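Report on one structure; see the data block that follows.
Please treat every number below as a calculation from the coordinates, not as lab data. Note that this is a predicted model, so its numbers are computed, not measured. Virtual Cβ from ideal backbone geometry, glycine too; neighbours counted across all protein chains shown.
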């Protein structure tokens, strides 16, 4: 009787040990399985798209601004990275000498003008000639002077008046010369200020002069670029024919990772470059500060679409038409019929069902038949 009880106790203990070993084995097995990041097949709008590379350019590119006059720099507004508006003064030269010339030219003109007016209004020669003519006319009426004497004095007065009119004409010409001279001096003064030709930004290495510097005419003082951006896409020859003006697009810039920007096709160039790629200009809905000049990325231009189609992430596809899915804890290989391909997603025509769990990351770590755990991604 004692032996039977002892045997029962041993069997119970052995069972407990086996159960513990089995549990531990399951935990080890469970932990040794890989984890697959999956996303379920869903229905959405399938987009047929043309893809290409893009580069962001400042409108007109980088531009050096030069001083049209020589002189000493007295003020600058060319801090690297700073923004400016069209017409803002970026560099100012010393105008002391030109201001002195303007003031002196004005003073001389006004003085000469006043003197000429006095001479015209109160010319003594004309007054004497007029008095002699008036006296001769009275004497002629009294019979004490001849008609010829009156005519001679009349011609003398007319000659004086003609000379005064010529002097007045010369004064009028002097007015024109004065205006031309003042306009020239004003233009020269204006050239001593370098102004912004457009809304833009000072280049990071764009401060090419400083206050107190002596510069020559034609010397570069700053380098700038416009706030207007030109986004240039390069499209393969076989795809270019499907691109039309006004089509919607999305761009992705390397500087912003996965962030997308909406765009519209605004212009098509009819000729290809040396690598047989065609140029498409895009109007992008983004602030200029986000579109850094010379930044690059890719574009997807929508040329057609179908609604309510099975869609998966583009990065889940390998070898052009294959994916891994996870079903009941095991990896399965599926060969697909692919429809439209967009920037981030692709349309599946056959090979999957809605809800299938498709592996989307680290595809090289999996093989058909492998047991895995899953982590669902949004």
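Measure nothing but the geometry: give the 0 to 90° angle between the long axis through the Cα atoms of 147-191 and the longest principal axis through the Cα atoms of the chain, rounded to 10°.
Here the helix axis deviates by roughly 20 degrees.
Size of segment 145-257 along its principal axes in angstrom, Cα-based, largest extent first?
110, 48, 19
Mind ordering 258-271, 200-213 by average Cβ neighbours within 10 Å, highest first? Mind dumping the intermediate values first?
Numbers: 258-271: 13.9, 200-213: 16.6.
The most tightly packed comes first, giving 200-213, 258-271.
If you wrap a convex hull around the Cα atoms of segment 229-360, how much volume per residue is inside, in Å³? The partial results should precede the final answer.
Details: hull volume 18.0 nm³, N = 132.
Hull volume normalised by residue count: 136 Å³.
Give me the distance between the Cα centres of segment 322-342 and segment 140-159, rounded to whole Å.
Each part's Cα centre sits 124 Å from the other's.
To the nearest 500 deg cm²/dmol, what mean residue ellipticity at 222 nm is calculated for the chain from DSSP H runs of n ≥ 4 alone, each contributing -39,500 (n - 2.57), summed and divided by the residues? Before the final figure, lay out each step's value.
Working: 5 runs with 125 residues, N = 378.
That calculation yields -11500 deg cm²/dmol at 222 nm.
Using only alpha carbon pairs under 8 Å that are at least six residues apart, calculate the relative contact order of segment 95-191 and give it in whole percent. Kindly include the intermediate steps, with their values, before the conclusion.
Numbers: 39 pairs, mean separation 42.4, N = 97.
The value is 44 percent.
Tell me the angle of helix 96-121 to the major Cα principal axis of the chain, expressed in degrees between 0 and 90 and rounded to the nearest ten.
Between helix and principal axis, roughly 30 degrees.
Angle, helix 2-32 long axis vs. longest principal axis of the chain, Cα atoms, 0 to 90°, nearest 10?
Relative to the chain, helix 2-32 is tipped by roughly 20 degrees.
Give the relative contact order (percent, whole number) for the chain; include only Cα pairs under 8 Å separated by 6+ residues. Let's see the in-between values first.
Working: 699 pairs, mean separation 114.6, N = 378.
The normalised contact order for the chain reaches 30 percent.
Among 218-226, 236-244, 86-94, how do they line up from the highest to the lowest mean number of other beta-carbon atoms within 10 Å?
On the way: 218-226: 19.2, 236-244: 13.8, 86-94: 17.0.
The packing order, highest mean first, is 218-226, 86-94, 236-244.
Which values of log₁₀ I(q)/I(0), to two decimal places, follow from the Debye formula for the chain at q = 0.13 Å⁻¹ with a uniform point scatterer at every Cα?
Per q value, in the given order, log10 I(q)/I(0) is -1.11.
Over the alpha-carbon set of segment 95-191, work out the extent along each principal axis and list the three values in angstrom, largest first.
Principal-axis extents of the Cα atoms in segment 95-191, largest first: 72, 16, 11 Å.
Using a 10 angstrom cutoff on alpha carbons, build the Gaussian network for the chain and name the most mobile of 256, 140, 340.
Among 256, 140, 340, the largest GNM mean-square fluctuation belongs to 140.
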